[in-house]
1. Nearest 5 is fine: what % of DSSP beta bridges in chain A come out antiparallel, could you say?
2. Using a basic spin-label model with each label point 7 Å from the Cα along Cα→Cβ, how many nm lie between residue A:38 and residue B:321?
3. Can you give me the angle between helix A:244-256 and the longest principal axis of chain A, using Cα atoms only, in degrees from 0 to 90, rounded to the nearest 10?
4. So how far apart, in nm, are the two label points at residue B:100 and residue B:235 if each is 7 Å from Cα heading toward Cβ?
5. Cut-off 17 Å, label point 7 angstrom out along Cα-to-Cβ of residue B:177: give me the residues of the range B:225-244 whose amide nitrogen falls inside.
6. How tilted is helix B:303-331 with respect to the longest principal axis of chain B? Cα atoms for both, answer in degrees (0 to 90, nearest 10).
7. Based on the Cβ-Cβ distance of residue B:56 and residue B:32, what FRET efficiency does E = 1/(1 + (r/R0)^6) give at R0 = 60 Å, to the nearest 0.05?
8. Using only DSSP helix segments of four residues or longer, with each worth -39500 (n - 2.57), what per-residue ellipticity at 222 nm results for the protein assembly as shown after dividing by its residue count and rounding to 500?
């Protein structure tokens with residue numbers, strides 16, 4: 001059983017996501033603070049979609065709703081036609097902070113999902129595989145405090161990939177990294193996405209990052225977030241920062257965000 | 001790594017120039033501080049032995065012999081250089097302390113046994129303490145054993161109870177609702193205040209004392225475990241939950257390990273509190289243990305015995321704290337910047 005499961009690579013097609021009229025609000029000192037305003041979005045299996053918006057607009061909240069960490073106040077979210085009931089390992093989040101457990105080695109951090117579901121014994125190879133995919137094989141026994149910011153985020157990525165997600169939720173995963181590490185990891189995430197075939201939903205406030213990585217960019221307004229526009233990025237991978245078409249798209253998106261004058 | 005030749009003392013290494021860069025340490029070959037320490041101890045020994053006591057003390061000879069033995073040992077260590085390797089480096093670090101110790105001991109000896117400057121019987125000379133260890137070691141050892149049994153029994157029960165309560169109220173708001181007010185009211189009460197009640201409520205003075213030690217331990221352990229669990233980064237739970245973790249996993253594999261640094265602070269505070277309760281319980285109730293020994297010694301005006309028991313108690317408490325630090329260093333090796341005990 002186990003051998004057979006390992007032999008057949010799980011080239012799971014990504015998830016189709018339907019967000020229908022979702023609104024959400026926070027309670028702030030007894031007052032309702034609206035964060036999402038009737039968001040509707042449909043993604044195809046295997047698509048890489050970026051949610052782009054100003055800081056604090058509510059895009060991370062939308063991601064938490066899709067992850068099932070919170071339930072929306074209004075509207076429905078369907079994954080492959082079924083409503084979301086709660087968190088599920090098929091929809092794993094990579095957060096802005098790596099949030100590795102400091103008391104676990106890199107290997108044990110990556111094995112977290114398997115351990116939580118009690119399958120770590122039979123699937124040890126998956127952990128090593130995932131660490132290899134993100135280039136951390138040599139650091140399996142290191143503790144998080146011994147890693148650089150980029151390495152820690154790679155470890156968090158490996159921890160997510162071990163679960164073989166059909167929808168990878170990326171919540172500004174590169175937001176706190178230095179610019180050089182960022183550039184490398186943008187390319188790496190795209191490469192992993194192309195190789196594994198999962199769907200990806202990336203939250204970011206970096207226009208260039210969204211355009212470099214995603215096949216469609218959803219531009220959100222200030223809080224409460226509404227969808228301003230959906231910009232398809234009709235460029236083949238790997239993309240290049242100097243591409244004139246990318247510059248054109250960037251101008252268009254910055255215009256949508258009201259930043260055209262500052263370009 | 002090093003050949004026998006390289007580890008040999010100065011002479012051997014000097015024979016060949018090629019050995020020089022490989023010598024492990026750049027420390028001077030003759031340990032000057034060690035020689036001074038040896039001289040101090042030998043001088044203290046001579047003083048103790050040659051200068052007649054003002055009164056009859058049985059163990060003056062033995063004291064002088066012990067001092068001389070330490071002096072000779074230091075002399076050997078100082079002269080033999082690298083022969084002892086790493087162990088000698090540790091000895092080197094305490095060199096100044098060894099000198100100070102010899103001076104203090106000699107001063108104590110002069111002020112008490114030789115000149116009787118300090119009022120007797122409150123101030124016993126060093127040989128008075130030595131006499132306790134040579135003549136009364138059985139009773140002293142028995143007291144240590146009783147103290148340890150009582151302390152460890154109560155401490156383990158208290159720590160376990162405190163830890164469980166702390167996790168429970170940190171995790172479940174229902175448990176917090178009921179336990180928190182009780183903890184707030186009863187927790188700050190010194191455990192010794194329960195003493196009269198405990199001694200008639202429990203069938204034996206031993207079980208009453210165990211309860212008191214456990215009570216003293218449990219309060220800080222509960223509070224710090226609770227605050228540790230309550231203070232766990234929420235994002236740790238989010239991560240585990242998105243990967244399919246259940247409640248059990250969240251408590252055992254996320255909340256508890258994340259709270260461990262705080263739990264250990266509670267364990268230290270609990271250990272300190274348990275020492276003081278132990279002594280009081282032994283003085284008031286149980287007719288055994290170091291607390292009882294102290295009081296018995298005072299009753300007989302045997303001040304030498306009292307100092308000896310205090311010394312033993314200090315060593316015992318310090319040893320237990322060290323043990324707890326070692327345990328923490330092992331379990332929390334993933335932490336940075338741990339305090340060195």
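1. So the antiparallel bridges amount to about 50 percent of the total.
2. 6.8
3. 60
4. 4.6
5. The answer is none, because no backbone nitrogen lies closer than 17 Å to the label point.
6. 60
7. FRET efficiency, residue B:56 to residue B:32: 0.90.
8. -17500 deg cm²/dmol
Since every read-out is calculated from the coordinates, none of them should be taken as a lab result. Just so we're clear, the structure is a prediction, and the values are computed from it rather than from any experiment. A quick note on method: Cβ atoms are made from the backbone with ideal geometry, for glycine too, and the neighbour counts reach across all protein chains shown.
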